[in-house]
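Q: Before I ask anything, let me first share the structure, which is written out below as C-alpha cells.
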Amino acid sequence: MKICLINPPRFHELVGKNPSIIEENRGYNPPLGLLSIATSLKSFSSNTHEIQIIDCQPRQLSYKWLTEYFSTHQFDVVGITAMTFTLIDVVMTTDIIKTCQSDCSVVLGGAHTHIFPQETISLPNIDYIIQGEGEFSFVEFIEALDGNLPLQNVTGLAYEKNGQFINNGISPKIENLDSIPHPDRTLLPLEHYNSLLAHEKNITTMFTSRGCPNKCAFCDRPNSPVISGFRWRSAGNVVDEMEACAALGINEILIYDDTFSIRKDRVFEICEEILSRNLHITWDVRAHVNTVTREMLQLMKRAGCDRIHYGVESGNDRMLKVIRKNTTVRRIKEAFADTRKAEIDALAYFMIGLPEEKESDIQDVLDLAIELKPEYCHFTIFCPYPNTAFYERGLSSGIIPRDIWRDFAKDPQPGFSLPVWEENFTREELQQSLVKLYKKFYLRPQYILKRVVRIKSFSEFKRKAKAGLSVLQMKASQVSKINFGKVEKMK
C-alpha cells in the first residue's frame with residue numbers, strides 16, 4: 001500500500017490574533033505528529049508499506065505543485081493534519097487530491113477532528129477522520145484497509161456509511177508514552193526547520209510529556225478528552241531521543257510540552273541523565289512559574305537548558321484570578337528572577353482583550369513585561385477558542401453571538417475573522433494596543449543593545465534583524481490580516 005502523509009500549506013492560515021509579520025518570522029517546526037505516525041507504521045504494521053511525507057509549509061509548496069504531484073504520483077491513502085487554523089488549506093488540499101485520484105482514501109487527524117467530528121466528516125472529499133492520539137489508531141486503520149481488522153474496531157475512527165455517521169469514539173490516551181517509537185526525523189530534510197528564538201541553525205522539536213493538569217479558563221486542555229491530565233516519558237527514553245538528535249547533527253531542541261516542569265523529580269532525572277551521558281545539546285522548555293525552584297533551574301542550566309517560556313498572561317493579581325492562572329504577580333517575579341540567576345533566558349507570554357479587562361490592566365501588562373526583563377516577550381489578542389470555559393461564557397452571555405467556531409467548521413471559507421472578546425474594547429482598539437505593546441517593549445534602546453551583544457552566529461543575526469525591522473514597521477492594520485496574500489512559490 002502506498003501512503004502519503006501531508007502537513008498542508010498555510011497560505012490561508014487564520015492569524016488574526018497576532019500581527020502577520022510576527023507569524024511570518026517565526027520559522028518552521030518539523031511535523032512531529034506525521035513523523036511519529038510514519039515511524040509507528042514502520043514499526044508495528046503487519047505489512048510493509050511505502051510511506052511518503054510532504055511538509056508543504058517550509059518550502060511553501062503551491063497548490064499548482066500539489067496538483068502536478070498528485071497527477072503523477074498515485075496513493076492508496078493520504079493522511080492530512082487538520083488544525084482549525086489551517087482548515088481552509090486542508091479543504092483545498094483534499095479537493096486537489098480527490099480531483100487527481102478519486103479512488104484514494106483521504107483521512108484527517110489532528111485537534112480539529114475530535115472537537116468537530118461530524119462537521120469535519122461532512123466536508124467534501126474526506127473519507128475518514130482519526131480522533132485523538134493517532135500513533136496506534138492510524139496503524140489499526142491501515143490494518144483495516146489491509147483486511148486484517150474490521151473498521152468498526154479501529155479506535156478513534158469516524159466515517160459515513162450509507163448516509164449514516166459512524167463514530168467509534170475518541171481513541172484512548174496512550175498511557176505508556178515510552179511505547180511510542182521516537183519519530184524518524186530523517187524522513188524530512190533537517191535543514192528545512194528553524195526558529196527565530198534559536199541560537200543554532202539545526203533545530204528540532206520534541207515532546208517529553210502530554211497533557212496539562214492546570215485549569216486555565218482560556219485553554220481547552222481542562223475540557224479535552226485527549227490532552228487533559230498529565231502523562232510523561234521516562235528520563236532514559238527522553239535522553240535516548242536527545243542523543244539520536246545529536247547524532248543527526250541537531251544542536252538545539254525545542255521541547256513543546258505544555259508544562260515540562262510539572263513533575264519535579266522527573267526534571268531532575270532528565271537533567272542527571274543528560275549529565276551522566278556527557279551529552280552536549282541545547283534545549284528549551286515551557287513551564288508554569290509555580291513549578292520551578294532555584295535548585296531545579298540551576299541543574300537545568302548545567303544540563304543544557306537555554307530558555308524557559310513562561311505563560312504570564314496578565315499583569316495583575318485580579319486578572320490572574322479571572323483567567324484561573326493559579327499564581328500571583330509576586331510569584332511570577334520570583335520565578336523570573338530565579339531564572340535569570342540561573343543564567344537561563346526567560347520568555348514571557350501575555351494576552352490582552354480578556355474578559356473583565358480594563359485599560360489599566362493592559363498598562364499593567366506592559367509595566368510587568370518591562371519589569372520582568374525577559375529576553376523575549378510575546379503579546380497576543382485573546383481569542384475565545386472552542387471547548388474552553390471562556391468560549392462557553394461568551395456564548396451564554398451573548399458577547400459571542402453564535403457558535404462561530406462550529407459554523408466555520410461546517411463551512412470553512414476565506415474571510416473568516418477570529419472572534420475577540422469585545423466587552424470593553426473593540427477589535428480595532430485591541431489591534432492598536434497590541435502594536436503599542438510590541439513597539440514599547442522591543443524598541444527600547446537598552447533592550448536592542450542587550451540582544452545585539454548576545455547574538456552567537458550570523459544566521460541568528462539575520463533572523464533577528466529581520467524580525468526587528470518587522471516590529472519597527474508594524475501597523476495595527478496588519479494584526480487582523482489573514483495570509484491570503486502570500487506568494488505561492490514553486491519549489
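The values are calculated or read from the model by the stated rules, or taken from the named source; none is laboratory data. Note that the structure is predicted; figures quoted are calculated from it, not measured. Neighbour counts run over all protein chains shown; Cβ positions are idealised from the backbone, glycine included.
Q: In the stretch 177-212, what count of residues is obtained for those that are farther than 20 Å from LEU61 by Cβ and free of Cβ contacts under 8 Å to residues at least 12 places away in the same chain?
A: The number of residues fulfilling the criteria is 1.
Q: Helices (runs of 4 or more DSSP H) wholly in the stretch 347-416 with at least 3 residues that are touching a Lys or Arg at 6+ places or on another chain (Cβ under 8 Å) and closer than 27 Å to TYR438 by Cα - which ones?
A: It comes to 359-372.
Each row is one residue, and each column tells you yes or no for (1) modelled with pLDDT under 95; (2) touching a Leu at 6+ places or on another chain (Cβ under 7 Å); (3) charged (D, E, K, R).
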| site | (1), (2), (3) |
| --- | --- |
| GLN60 | yes, no, no |
| SER71 | no, no, no |
| CYS104 | no, no, no |
| LEU108 | no, no, no |
| ILE126 | no, yes, no |
| ILE129 | no, yes, no |
| VAL139 | no, yes, no |
| GLU143 | no, yes, yes |
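Q: Here are ARG340, ARG302, ARG307: which of them is touching a residue at least 60 places away in the same chain (Cβ under 8 Å) and in the same structural domain as ILE227 (by TED's automatic domain parsing)? Break it down into steps so the answer makes sense when it comes.
A: Values: ARG340 fails: touching a residue at least 60 places away in the same chain (Cβ under 8 Å); ARG302 fails: touching a residue at least 60 places away in the same chain (Cβ under 8 Å).
Going through ARG340, ARG302, ARG307 in turn, just one is touching a residue at least 60 places away in the same chain (Cβ under 8 Å) and in the same structural domain as ILE227 (by TED's automatic domain parsing): ARG307.
Q: Turning to a different aspect of this structure: Looking at the stretch 107-131, which of its residues are surrounded by 21 or more Cβ atoms within 10 Å (Cβ to Cβ) and farther than 23 Å from PHE416 by Cα?
A: VAL107, TYR128, ILE129, ILE130, GLN131
Q: So which residues in the stretch 346-372 are without any contact (Cβ under 8 Å) to a residue 40 or more places away in the chain and either at positive phi or touching a strand residue (DSSP E or B) at 6+ places or on another chain (Cβ under 8 Å) (or both), if there are any at all?
A: Selection gives ALA346, ALA348.
Q: Taking the options GLY249, GLY315, GLY236, GLY311, name whichever one is out of contact with any strand residue (DSSP E or B) (no Cβ under 6 Å at 6 or more places or on another chain) and surrounded by 21 or more Cβ atoms within 10 Å (Cβ to Cβ). Working first, answer last.
A: On the way: GLY249 fails: surrounded by 21 or more Cβ atoms within 10 Å (Cβ to Cβ); GLY236 fails: surrounded by 21 or more Cβ atoms within 10 Å (Cβ to Cβ); GLY311 fails: out of contact with any strand residue (DSSP E or B) (no Cβ under 6 Å at 6 or more places or on another chain).
Exactly one residue qualifies, and that residue is GLY315.
Q: Shifting gears a bit: Only one of these is in contact with an Asp or Glu (Cβ under 6 Å, 6 or more places away or on another chain), closer than 26 Å to TYR385 by Cβ and assigned by TED's automatic domain parsing to the domain that holds THR39: PHE85, PHE116, PHE138. Name it.
A: Only one candidate qualifies: PHE85.
Q: Name the residues in the stretch 289-335 that are closer than 26 Å to ALA198 by Cβ and among the hydrophobic types (A, V, I, L, M, F, W, C), would you?
A: If the condition is that a residue be closer than 26 Å to ALA198 by Cβ and among the hydrophobic types (A, V, I, L, M, F, W, C), then VAL289, VAL292, MET296, LEU297, LEU299, MET300, ALA303, CYS305, ILE308, VAL312, ILE332, ALA335 are the ones that fit.
Q: Just to check your reading of the model, which residue among ILE227, ILE255, ILE262 is under 22 Å from the mean Cα position of the chain (by Cα), modelled with pLDDT of 90 or more, within 26 Å of LYS321 (Cβ to Cβ) and of a type in the set (A, V, I, L, M)?
A: The match here is ILE262.
Q: Using beta carbons and a limit of 6 Å, which pairs, at least six apart or on different chains, have the first residue in the stretch 406-435 and in contact (Cβ under 8 Å) with a residue 60 or more places away in the chain and the second one of a type in the set (Asp, Glu)?
A: What qualifies is ALA409/GLU119; LYS410/GLU119.
Q: Filter the stretch 222-241 down to the residues that are touching a Gly at 6+ places or on another chain (Cβ under 9 Å) and more than 15 Å from ARG286 (Cα to Cα) and list them by number.
A: If the condition is that a residue be touching a Gly at 6+ places or on another chain (Cβ under 9 Å) and more than 15 Å from ARG286 (Cα to Cα), then SER224, PRO225, VAL226, ILE227, SER228, GLY229, ARG231 are the ones that fit.
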